[in-house]
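One structure is given below, encoded as structure tokens.
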Amino acid sequence: MPQDTGIEVAAQGKSATLNALQSSLPLDLVISSARACSVRADSTLQDVARWVRQRWDIELRIAQVSTSCGGVTNSYADVSRMGIDRWLAMVAAFGQARGACIVVDAGTALTIDLLNDDGNHAGGYILPGLNMMADALEQNTGIKLRDRQFSGRISPGISTEQAVLQGALAGAIALIGDSVASLRSRGARVSVYISGGDAGLIAEALVPSGEFNLNIAPELVLDGLAIACRA
């Protein structure tokens with residue numbers, strides 16, 4: 001739940017299915033509005049919308065990627081090709097930074113998006129997440145990893161496992177650093193926002209240098225949803 005809405009949180013957590021979500025909520029819960037976003041198939045949201053309509057007699061407001069929102073201007077010619085999670089995270093980060101920022105989602109995929117200080121999306125990168133990079137090497141080479149324990153301190157590996165894991169992390173950190181340098185070259189003060197399962201690891205590996213302000217922000221997508229679909 002976004003921090004600045006003033007809305008009481010009745011329940012929070014993760015649910016793998018709609019049935020699990022339904023059973024996790026209090027039976028006497030009353031709501032006056034509902035909003036959602038999803039990178040899954042439309043049928044999932046349709047099921048949620050139908051449930052919300054039947055239980056509370058309200059329409060589910062579904063966030064869509066747009067050409068502009070919350071001061072952010074989309075750079076995509078076809079905005080429908082951008083994931084809603086990336087878009088909402090950018091909207092939220094810019095709303096907090098009010099200036100140039102790098103938005104990193106370190107999950108299954110690693111996404112890095114650049115926003116100029118005027119809110120214009122300066123493009124981004126999508127690459128495999130840290131574990132997916134290691135998976136790709138195992139699946140396509142003779143490498144077999146005995147250990148998947150990443151370290152937040154980057155150094156050349158002295159074993160195959162270390163070389164693979166440190167290489168994946170070093171590549172991600174280097175790309176984030178290049179993105180920061182790109183925005184700084186335009187005279188901008190840069191903030192970096194990181195979410196996703198590997199956010200803590202990425203943050204640990206980013207060497208503080210005074211060149212950027214670092215924020216671990218696990219609720220960026222929900223914060224962006226509150227901006228895109230205001231109550």
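The values are calculated or read from the model by the stated rules, or taken from the named source; none is laboratory data. All values reported here derive from a predicted model rather than from experimental measurement. Heads up, the Cβs are rebuilt from the backbone with ideal geometry, glycines too, and the neighbour counts pull from every protein chain shown.
In table form, for the structure just shown:
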| item | result |
| --- | --- |
| Hits in the stretch 210-231 - residues which are out of contact with any Gly (no Cβ under 9 Å at 6 or more places or on another chain) and part of a loop (DSSP other than H, G, I, E, B) | G210, A217, E219, C229, R230, A231 |
| Filter result for I126 (buried (at least 21 other Cβ atoms within 10 Å of the Cβ) and either modelled with pLDDT of 95 or more or over 17 Å from R230 (Cβ atoms) (or both)) | no |
| Test: V65 is touching a Gly at 6+ places or on another chain (Cβ under 9 Å) and either closer than 30 Å to N19 by Cα or crowded, with 16+ Cβ neighbours inside 10 Å (or both) | yes |
| Single residue of the stretch 46-62 satisfying the filter (surrounded by 15 or more Cβ atoms within 10 Å (Cβ to Cβ) and within 23 Å of D28 (Cα to Cα)) that is nearest to the chain's Cα centre (by Cα) | R61 |
| Pair list, Cβ under 6 Å, 6 or more apart: the stretch 101-124 residue of a type in the set (S, T, Y), other residue surrounded by fewer than 17 Cβ atoms within 10 Å (Cβ to Cβ) and in a strand (DSSP E or B) | T111/I126 |
| Out of G196, G129, sole residue that is at positive phi and in contact with a Ser or Thr (Cβ under 9 Å, 6 or more places away or on another chain) | G196 |
| Count of residues meeting criterion [in contact with a Ser or Thr (Cβ under 9 Å, 6 or more places away or on another chain) and among the β-branched types (V, I, T)] in the stretch 199-230 | 2 |
| Some residue of the stretch 37-45 being closer than 17 Å to G196 by Cβ, touching a residue at least 24 places away in the same chain (Cβ under 8 Å) and buried (at least 21 other Cβ atoms within 10 Å of the Cβ) | yes |
| Some residue of the stretch 163-176 being loosely packed, with under 13 Cβ neighbours inside 10 Å, in the same structural domain as N215 (by TED's automatic domain parsing) and in contact with a Ser or Thr (Cβ under 7 Å, 6 or more places away or on another chain) | no |
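Quick grid of which residues meet (1) under 17 Å from the mean Cα position of the chain (by Cα); (2) modelled with pLDDT of 95 or more:
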residue	(1), (2)
V104	yes, yes
D113	yes, yes
M132	yes, no
D135	no, no
Q139	no, no
